[in-house]
């Protein structure tokens, strides 16, 4: 069964068990707000999950119950006995349905309409829901508390340390090969176990992302919108606990983006956008954080509407709200009980969203950032701390102490006396010039008040998002994957460390906080946020294309949609046939276009393109990048290879027109599905060897045979041939119907005339 | 009513530590220093695969000169484990806790941790709350 569904069943079952007490308490005291909220959250969660798991019956039930409970919460309806009974009946029913799904048995849906009807005001339940089926499928997975995993992990680390000590003693005191072999085996098992145990805590963020495409599709479809979702960075690893915490917020945000952010196709067209909305969900590690970004190209947040809503609900004073800065206005989206949309929808509900989302993120020490551009889109960035995650690090040494630096932050490591490295003292500061980059330099021994060891320093170039700088260290030791935990408050307060860890040697180590280190040293970077942002907006609009350097040295780009792949082929596989280049590849011959001299190199890169039927190649010097083409492209003067010119990073780039390429290469044949005119040729080696290929290149199917072959045109060398056969002669003659056999143009035009005649 | 106390020597004085505060008593091995941390943070040490922050109680109490103590009492504060260095440990026994006698003049550092007096073989021993010696984030700033 679907893993997501399993998850949903397990979760619902668990919540229901926990909820049992709440339900009884609520029944006893329907005015108990806390109980009401608990039940409301339950049905809301079920509703949310059903949306993308495609469980319409559950969705209907939970939506109905949520409506009623919302009315009670708002004070629009009293929680009388009948209402309580009806809600409880629905909750019971949800439990039964979930069990039925798990056991994969059908459950009669009669009575569900009545259950829902009973929720309406003043109705008594007349039908008792069918009794539980009694099926409860055997559980296929065990849900463990993270605490247990923690203990397992800590026990594992103990084991590693004990193993290390044992190994040391064996080596020092009882050097015995048999003992060492046994120890070796133990070590291997321990290493294996450790990896497994570590894995139980870590999960690729992919587990969060896999459900998205389906959810986006379904959500968009139910709203009559069309949204393309792109998922990036799915292999970033996160602590399982973090993933669990992120799950609901991510779903909420994505749904909100589709429901409130991305406009209807008609509205998008009117706004001059493509009808297809774009949603990008990405995860990446930046410094000591993991950033999950959800970017849409919708309408952005309408702060005026937000203010109107909040003021309208009487929660806040209109004038106060208008006086807020734009950023503060955006943050109003996190106000409790706010729904940015006027009508309640099945998708994003009634404002249970963003306040809860923010609370969840902040609960794990994260934060959430909004960047909204009215009419252009919204970017939501969730920053979660890396602590608890396993981080690949590089261990550096200063004096006799070691520190870990997150590998993700490191751009490059060079030796101080390497070529093209210069270090200058500028006033009190130091600057390192690494090739053509000039970067501020911090000596870690200064930052840490540690004595510097003699010898050549190593320069670690780190990037902290807003800029890069160099950390000079004495030595670079090793790379190691470490579990980083927060250090004691007094240590974290130094602002230099991102956490502490226990590497394999059993000596505690601190991980450097690269941003903190830069701040401590007084480095300031000019933030180019505005420029960056306008880039993002431009990116959301264009077409993706492969940027490459052509053989003639020009920068060109081909729309990615036409590109199948890029591969290197030996130039000996390229040949000229009929004046056109042909490439032999994968046991077929495809047309090739080359914009310059390709013969010099033994091998050449070829962009394989396909239009679905035909394939062709385009020889290039090198593939450079995938770029997004801006929409303002200068039109070419005449249609041809190049469909336009645009600027990418300040350089003119010609855009290759795949349509023109295929249109001009299309004569090469292979359009086998349309009826090809047939040319019959007489049985003659010269005809077969010389004329047949020429005809084939011109797009005819050539058959050999005499009279009686079904053909549109017949060519023969026999001067006595009858009928309308084209007779080829050895010498130029004026005889009607005769053509000199080396008059290529005349032959083709005669064939064309015959075929036109035959078609008529 | 009597409670269990651990009798220890800290900064040259005998003290009684409420036993529920004491996670364990350990010998501290190698300590990794933490550069630029407050001076009372001696560094980090390993305790059965956990990293503990080693606190020099002498410095925390404002007594001059770093101690050479290698034994420590482990306490847990806000999810972090701390090894509080002690000069020596005596034993654990039950005592009745009495309020501090009037006029017991303690300096600020001692006053901050004192919780009362226990009577041990006729000798008054200061009962202390060891966790109050743990530096809070604000202290380091």
Discussion item. Residues to consider are A:301, A:258, A:307; find the one that is at pLDDT 80 or above and within 21 Å of the chain's Cα centre (by Cα).
Written reply: A:258
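Got a number for residues in segment A:165-179 being assigned to a helix (DSSP H, G or I) and loosely packed, with under 15 Cβ neighbours inside 10 Å?
Selection size over segment A:165-179: 10.
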Practice prompt. Can you work out which of the residues in segment B:101-136 that are farther than 17 Å from residue B:57 by Cα and at pLDDT below 85 is surrounded by the most Cβ atoms within 10 Å (Cβ to Cβ)?
Written response: B:104
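Residue-wise test of (1) within 14 Å of another protein chain (Cβ to nearest Cβ); (2) under 15 Å from the mean Cα position of the chain (by Cα).
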site	(1), (2)
B:74	yes, yes
B:79	yes, no
B:84	yes, yes
B:111	no, yes
B:125	no, yes
Fill in: Selection status of residue B:60, within 18 Å of the chain's Cα centre (by Cα), crowded, with 17+ Cβ neighbours inside 10 Å and within 14 Å of another protein chain (Cβ to nearest Cβ)
yes
Response to the item:
residue A:650: passes all of (1) at pLDDT below 70; (2) on the phi > 0 side of the Ramachandran plot but (1)
Item to complete: For residues that are out of contact with any helix residue (DSSP H, G or I) (no Cβ under 8 Å at 6 or more places or on another chain), over 22 Å from residue A:664 (Cβ atoms) and surrounded by 14 or more Cβ atoms within 10 Å (Cβ to Cβ), tally how many sit in segment A:691-705.
Response: 2
Fill in: Condition met for residue A:61 (at pLDDT 80 or above and part of a helix (DSSP H, G or I))
yes
Worksheet item: Is it the case that residue A:355 is under 27 Å from the mean Cα position of the chain (by Cα) and at pLDDT below 80?
Response: yes
Worksheet item: Out of all the residues in segment B:34-49, which are touching a strand residue (DSSP E or B) at 6+ places or on another chain (Cβ under 8 Å) and more than 7 Å from every other protein chain (Cβ to nearest Cβ)?
Response: B:40, B:42, B:43, B:47
Worksheet entry | Selection within segment B:22-50 - under 13 Å from the mean Cα position of the chain (by Cα) and farther than 26 Å from residue A:161 by Cβ | B:40
Worksheet item: Has segment A:503-513 got at least one residue that is touching a helix residue (DSSP H, G or I) at 6+ places or on another chain (Cβ under 6 Å), within 12 Å of chain B (Cβ to nearest Cβ), surrounded by 14 or more Cβ atoms within 10 Å (Cβ to Cβ) and farther than 20 Å from residue A:286 by Cα?
Response: yes
Worksheet item: Does residue A:17 meet the test of being free of Cβ contacts under 8 Å to residues at least 40 places away in the same chain, more than 25 Å from the chain's Cα centre (by Cα) and in a helix (DSSP H, G or I)?
Response: yes
Worksheet, complete the sentence: Considering segment A:487-498, residues that are modelled with pLDDT of 85 or more and closer than 15 Å to residue A:402 by Cα, and then whichever is nearest to the other protein chains (Cβ to nearest Cβ), we arrive at A:496
Fill in: Residue among A:693, A:719 that alone is in contact with a strand residue (DSSP E or B) (Cβ under 9 Å, 6 or more places away or on another chain), under 21 Å from residue A:576 (Cα atoms) and at pLDDT below 75
A:693
Item to complete: Using the structure shown, decide if residue A:228 is buried (at least 16 other Cβ atoms within 10 Å of the Cβ), in contact (Cβ under 8 Å) with a residue 40 or more places away in the chain and closer than 30 Å to residue A:267 by Cα.
Response: no
Response to the item:
Per the list (1) within 14 Å of chain B (Cβ to nearest Cβ); (2) surrounded by fewer than 19 Cβ atoms within 10 Å (Cβ to Cβ); (3) in contact with a strand residue (DSSP E or B) (Cβ under 6 Å, 6 or more places away or on another chain), residue check on residue A:424 breaks on (1)
Fill in: Among (1) loosely packed, with under 13 Cβ neighbours inside 10 Å; (2) closer than 23 Å to residue A:241 by Cβ - the single one residue A:192 does not satisfy
(2)
Worksheet item: Can you tell me which residue in segment A:231-245 is modelled with the highest pLDDT, limited to those that are in contact with a strand residue (DSSP E or B) (Cβ under 6 Å, 6 or more places away or on another chain) and surrounded by fewer than 17 Cβ atoms within 10 Å (Cβ to Cβ)?
Response: A:232
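Filter segment A:394-410 for residues that are at pLDDT 85 or above and in a strand (DSSP E or B) and give the result.
A:394, A:395, A:396, A:397, A:398, A:401, A:402, A:403, A:404, A:405, A:410
The values are calculated or read from the model by the stated rules, or taken from the named source; none is laboratory data. A quick note: this is a predicted structure, and the numbers were derived from the prediction, not measured. Every residue, glycine as well, gets a Cβ built from its backbone with ideal geometry; the counts of neighbours run over all protein chains shown.
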